[in-house]
Every structure is written in C-alpha cells, then in structure tokens.
Amino acid sequence: MKFKNLTKEQLIISFDRLTRFKPTKEKYFRVFSDIILSNLTEPVYKKQELLNMSADKITKIAEEIINSSLNDIYTASASVKNLSKEKGTLNKVIENYENSLYINDSDTQKYLNNNIDYDLLVSLIDESCPINLRWLKSLHSLSCVKSPGKNDLLKLRHENGLKYPIQKLLLVEGITEEILLPVFSRYLGFDFYKEGIQIFAAGGKNQVVKMYYKLIEELKIPIFVLLDKDAENNIEQIKPKLRNIDKIHLVSCGEFEDLLPRSLIIKTLNNELSNFAYVTDEDFEADFSTAVNLDNIFKLKGLHEFKKAEFSKLVKDSISEDSDISPEIASIIMEIGL
C-alpha cells in the first residue's frame, strides 16, 4: 500500500471532524473515506468501492495513514507516547463516550475500535482549537494520571466549561433561541458549556418534528424540545414517539421573540440607533407580534432589513440586568436544567 502522509493541519481537521456532535458512523466513515480517497495512491479506490468496503478494512487503511503521518511529524514520538498511563487509554474513553451518546451498530464499533495513536495526535492541539479538541486535550492530561470515570469527565467539563461530554440536546425552532438561550442561561448561573447542553435550531416547527423523529433513532441522551405557541399540532405529532427521558415546552404566547422583555428590546434598539433615532414603548403596536413590530420599526427608522439572527446578536450584547430576562424564559431555563 502506498500513500501520501497527512499534514499537521489535515490531521487536526480530521481529528476535529471525528469528535464533533454528529452520528458516530456517519462522521467516522466520512473522515476515513476522505483520507483514503485523498491520500492513498496505491491501490486507488473510488467512493462507491468504499461504500461497499467493510468497516474493518476502511479503519485499518485510515489508521495506517494517520499513524504514519503522525510519526513523520514526530520523529521522537516514543517520548510522547509514554505520556499516557497506558497506550490506548484515550481511545477507550472516546469509544465509551460515543457509545454513551449514540445508538451504534456493530459496524460502527469497528470504526471506534481503531488503533489511531490519539496520544500522539493530541499533542498537535493548541488552545486555539475548537472546544471539542480542547476537551480531548484536557482529557488526555487526565488519562495520563488515571483512567477517568464518568464523574471525572463531568468534573472536568464543569470546572473548565468544555461542553463535552454532551448530556442533553436542546431542540429549538429558530436562530433567536439558539443565540439567546445560552446567554440568558449563563446570566442566571446555568452555563450550557459547563452543564453539557447542545442546542440545535431545526429551522421551523415542521423541521423540529422531522428532526426529533431522526434524533430518537440515533441518540441515547435526553432531548428538550422548545416550540412556539402555534406548534400545538406539531406537539401532537411528537407525543406518540416521545420518550420518557424527553420533554416538550410550548411557549405560552406567540413566538420566542415575544418572550423578550420590551425594555430589553428598546434598550437594544436605542444602543444601535443612538446616533440618529430613538425608540419608545409607543413605537410598538399592541396587536402585533414582536417580530412584526420590529420589522415596522426598522423600516420607519430607516434601518437595514430586520433579520432575526442579526437582531439576536445585538440583544445578546445588551443583556446586563435581571429585568432583561422574562419569567417564562427563566422558567424554560430551569426546566432545561432539571
């Protein structure tokens, strides 16, 4: 077998992709097959051939390329390998974590049961890397001292705000919730990264249902579903499949944006408009939703088009006092933490 070695940058990218919050089989096959297609020069395989190839064979080819590349970067790799308590400790922790998170079949176990030299691979990572890799770097330091158990992993996450291991998925409709809920939560003393909460915006109430159906076939961890008031019919679609570890919260009125205190919205707008306009409570129509009111205000004040994502980022920077968080938002965050 002949191949080109991966560069340091390619190794870090591959390692990052292997440890993201995505179904185990999907990410391992994609990363391993990309390495084989890009770096294996003899024999040469086509993508369709890899789709028909056994997980064992794909894993062995990919791990040989990865380990050869690592040894090429570190000529004195033996001293690095000896840093861990025993070779393969980190491999086993990663395997156990993936199996605690996802419902994995026998083929997926073959991907996980690899001989990639993670001890050496972790030594490539610096503090500027994504948080999933920072977690593994911290995990590696811990595994040099002891074989970490579940409580060790939770303590490591909480003390360093590392998000991993992920313990709960928060499934929401839109970008506003995705941007603002972690900020509101942190202000109230419940940090999503410390508590292992992964938030995902599905892109609408119908997509939430489709995503929930998919996730319960893949995930072992609890899912908290947050829906706008108009999604009552969608809840009826979810209920027959709702697991006893999952929860649903239906916003009491309108959309999530309608839960934002008016004072916070006005403060945000005036921070943005300070040089040429001013907004008061009188600019809001009682019969209109928050989103409609904001769309009208943006037009009347000569601002650019109102976009939820951009406005949510402005709101995020304006949260500074208890009155910026409505009782229902506080209640939702308390429910998420239960």
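The values are calculated or read from the model by the stated rules, or taken from the named source; none is laboratory data. The structure presented is a predicted model; accordingly, all values stated were derived computationally and were not measured. Note that each Cβ is placed from the backbone with ideal geometry, even for glycine, and that neighbours are counted across all protein chains shown.
Could you count how many residues in the range 1-28 are aromatic (Phe, Trp, Tyr), touching a strand residue (DSSP E or B) at 6+ places or on another chain (Cβ under 7 Å) and over 17 Å from LYS163 (Cα atoms)?
Summing the residues that are aromatic (Phe, Trp, Tyr), touching a strand residue (DSSP E or B) at 6+ places or on another chain (Cβ under 7 Å) and over 17 Å from LYS163 (Cα atoms) in the range 1-28 gives 1.
I need the full set of residues from the range 255-279 which are exposed (fewer than 15 other Cβ atoms within 10 Å of the Cβ) and without any contact (Cβ under 8 Å) to a residue 60 or more places away in the chain, in order please.
Correct list: ARG262, ASN270, ASN271, SER274, ASN275, PHE276, TYR278.
Would you say ASP246 is surrounded by 15 or more Cβ atoms within 10 Å (Cβ to Cβ), within 30 Å of PHE192 (Cα to Cα) and within 27 Å of the chain's Cα centre (by Cα)? Outline the logic, then answer.
Values: surrounded by 15 or more Cβ atoms within 10 Å (Cβ to Cβ): yes; within 30 Å of PHE192 (Cα to Cα): yes; within 27 Å of the chain's Cα centre (by Cα): yes.
Spelling it out, ASP246 is indeed surrounded by 15 or more Cβ atoms within 10 Å (Cβ to Cβ), within 30 Å of PHE192 (Cα to Cα) and within 27 Å of the chain's Cα centre (by Cα).
Quick check on the range 180-189. Is at least one of its residues polar (S, T, N, Q) and surrounded by fewer than 17 Cβ atoms within 10 Å (Cβ to Cβ)?
no
Any residue that is over 30 Å from THR41 (Cβ atoms), hydrophobic (A, V, I, L, M, F, W, C) and modelled with pLDDT of 95 or more - is there at least one of those in the range 100-114?
Taking every residue of the range 100-114 in turn, at least one turns out to be over 30 Å from THR41 (Cβ atoms), hydrophobic (A, V, I, L, M, F, W, C) and modelled with pLDDT of 95 or more.
Return the only residue of ILE248, ILE235 being in contact with a strand residue (DSSP E or B) (Cβ under 9 Å, 6 or more places away or on another chain) and in a helix (DSSP H, G or I).
ILE235
When you scan the range 297-309, do you find a residue that is touching a Ser or Thr at 6+ places or on another chain (Cβ under 7 Å) and either under 17 Å from ILE179 (Cα atoms) or outside any helix (DSSP H, G or I) (or both), even just one? Give the steps one after another, and end with the answer.
Taking the range 297-309 and keeping what is touching a Ser or Thr at 6+ places or on another chain (Cβ under 7 Å), we get 308.
Add one more test, that the residue is either under 17 Å from ILE179 (Cα atoms) or outside any helix (DSSP H, G or I) (or both), and what stays is 308.
Yes, the range 297-309 contains a residue that is touching a Ser or Thr at 6+ places or on another chain (Cβ under 7 Å) and either under 17 Å from ILE179 (Cα atoms) or outside any helix (DSSP H, G or I) (or both).
Taking the stated definitions as given, is SER128 in a loop (DSSP other than H, G, I, E, B) and surrounded by fewer than 16 Cβ atoms within 10 Å (Cβ to Cβ)?
yes
Residue under question is LYS60, and the condition is that it be modelled with pLDDT under 85 and more than 30 Å from ILE197 (Cβ to Cβ); does it hold?
no
Those residues that are in contact with a Leu (Cβ under 7 Å, 6 or more places away or on another chain) and either part of a helix (DSSP H, G or I) or basic (Lys, Arg) (or both), I need them from the range 310-334; list them, please.
Selection gives PHE311, SER312, VAL315, LYS316, SER318, ASP324, GLU328, ILE329, ALA330, ILE332, ILE333.
Got at least one residue in the range 312-334 being among the acidic types (Asp, Glu), closer than 30 Å to LYS194 by Cβ, assigned by TED's automatic domain parsing to the domain that holds TYR213 and touching a strand residue (DSSP E or B) at 6+ places or on another chain (Cβ under 7 Å)?
no
Would you confirm whether or not the range 266-279 contains a residue that is in the same structural domain as ALA330 (by TED's automatic domain parsing) and either of a type in the set (Lys, Arg) or under 28 Å from the mean Cα position of the chain (by Cα) (or both)?
Within the range 266-279, one or more residues are in the same structural domain as ALA330 (by TED's automatic domain parsing) and either of a type in the set (Lys, Arg) or under 28 Å from the mean Cα position of the chain (by Cα) (or both).
For ILE223, work out the one condition from (1) over 21 Å from HIS158 (Cα atoms); (2) buried (at least 19 other Cβ atoms within 10 Å of the Cβ); (3) not charged (D, E, K, R) it doesn't fulfil.
For ILE223, the failing item is (1).
Of everything in the range 262-296, what is touching a Gly at 6+ places or on another chain (Cβ under 8 Å) and assigned to a helix (DSSP H, G or I)? Give them in sequence order.
Scanning the range 262-296 gives a single hit, THR290.
Considering only residues that are hydroxyl-bearing (Ser, Thr, Tyr) and not in a helix (DSSP H, G or I), look in the range 11-52 and name the one that is farthest from THR108 (Cα to Cα).
THR41
Pick from the range 21-52 the residues that are of a type in the set (A, V, I, L, M) and buried (at least 17 other Cβ atoms within 10 Å of the Cβ): which of them is nearest to the chain's Cα centre (by Cα)?
Step by step, filter the range 21-52, then rank; the result is VAL31.
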